[in-house]
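Any read-out appearing in this document is the output of simple, stated calculations on the displayed coordinates, not a laboratory observation. All values derive from a computational prediction rather than experimental measurement. Ideal geometry is used to build each Cβ from the backbone, glycine not excepted, and the neighbour counts take in all protein chains shown.
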Ligand SMILES: Cc1cc2nc3c(=O)[nH]c(=O)nc-3n(C[C@H](O)[C@H](O)[C@H](O)COP(=O)(O)O)c2cc1C
């Protein structure tokens, strides 16, 4: 399949929200875009019983439906001092106080991932965010190499020292977190008893953020940051347009909500 080249123009911009005139209680069929979306319902639904679905098909369905996923690029070190680097998209922020992030490592039929073993043993690792300029470098570290292989050696990425943990952080990453293990939860399948994966809760002890990414408000500028996300199969995504939607506040909106609901 021939594809157009990667668009190097900074296409990400702030735009209006998709339906910026939306008002309380307004249903989807009141706009052309909403009606077009609802037309798809005419083809019906599949209701999938996960217990009866093929395991690989379930994986493919879930990783393509639960999207876009952020990616935690995890740098660990073994008890023997071998460094390891791998991306994980079953990854997210859990809470900011205490600052916790999570990622989940699945177990293959024959082996437990180096990341799981290293995190459980060393209790100090880094989680780095991937930006467009080094997504190929990061992707290569997902190689199914033999246990104990140091993926840094093929990545073209640079180890930068951490201030608190033994594992390196990725110098090319504009946002890296030095973490300690908060909790490792082995996921046991309730019917087969098999330990399919390990959910890592990580306590973020230090954050390294590049000055040029920071706004005056102390937040990361998404346009400069160029974070990548994971979709289904081997697909990645970049940011498209960004829109802002005000968070409704009951104290100021109550009367508007009453007026709208009385009209129904
Ligand atoms: C973008 C991306 C996201 C991934 N997300 C996960 C994940 O969330 N969980 C997982 O177990 N494997 C995930 N993988 C696969 C691991 O990166 C891969 O198994 C890697 O070899 C593990 O390395 P290790 O054995 O050195 O820990 C992902 C791969 C890619 C390319």
Fill in: Those residues of region 22-36 whose amide nitrogen sits under 16 Å from the label point placed on residue 257, 7 Å along Cα→Cβ
23-26
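Residue 17 to residue 233: extension gain in nm, 0.36 nm per residue of separation minus the Cα-Cα distance?
On the way: separation 216, 0.36 × 216 = 77.76 nm, distance 2.90 nm.
Between residue 17 and residue 233, full extension yields an extra 74.9 nm.
Taking the Cβ-Cβ separation of residue 120 and residue 250 as r and a Förster radius of 35 Å, what is the calculated FRET efficiency to the nearest 0.05? Can you show the working numbers first?
Values: r = 45 Å, r/R0 = 1.27.
So the FRET efficiency works out to roughly 0.20.
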Worksheet item: By count of other Cβ within 10 Å, fewest leading, how are 169, 55 ordered?
Response: 55, 169
Discussion item. Between region 49-66 and region 181-252, what is the separation of their alpha carbon centroids in Å?
Written reply: 22
Worksheet, complete the sentence: Taking every alpha carbon pair in the chain and sorting the distances into 10 angstrom bins from 0 up to the bin holding the longest one, the percent per bin comes out as 6, 22, 29, 23, 15, 4, 0
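Relative contact order for the chain: what percent, with Cα pairs under 8 Å and sequence separation of 6 or more?
Values: 434 pairs, mean separation 59.6, N = 264.
Normalised by residue count, the contact order of the chain is 23 percent.
Going by how many other beta carbons lie within 10 Å of each one, how would you line up 179, 105, 195, fewest first?
On the way: 179 32, 105 21, 195 12.
Arranged by neighbour count, lowest to highest, 179, 105, 195 become 195, 105, 179.
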Item to complete: Measure off 7 Å from each Cα along the Cα-to-Cβ vector at residue 96 and residue 186, then give the distance between these two points in nanometres to one decimal.
Response: 3.6
Worksheet entry | Calculated FRET value between residue 79 and residue 224, using beta carbons and R₀ = 41 Å, to 0.05 | 0.60
Worksheet, complete the sentence: By the Kirkwood definition, with r running over pairs of different Cα atoms, region 1-137 has a hydrodynamic radius in Å of 19.9
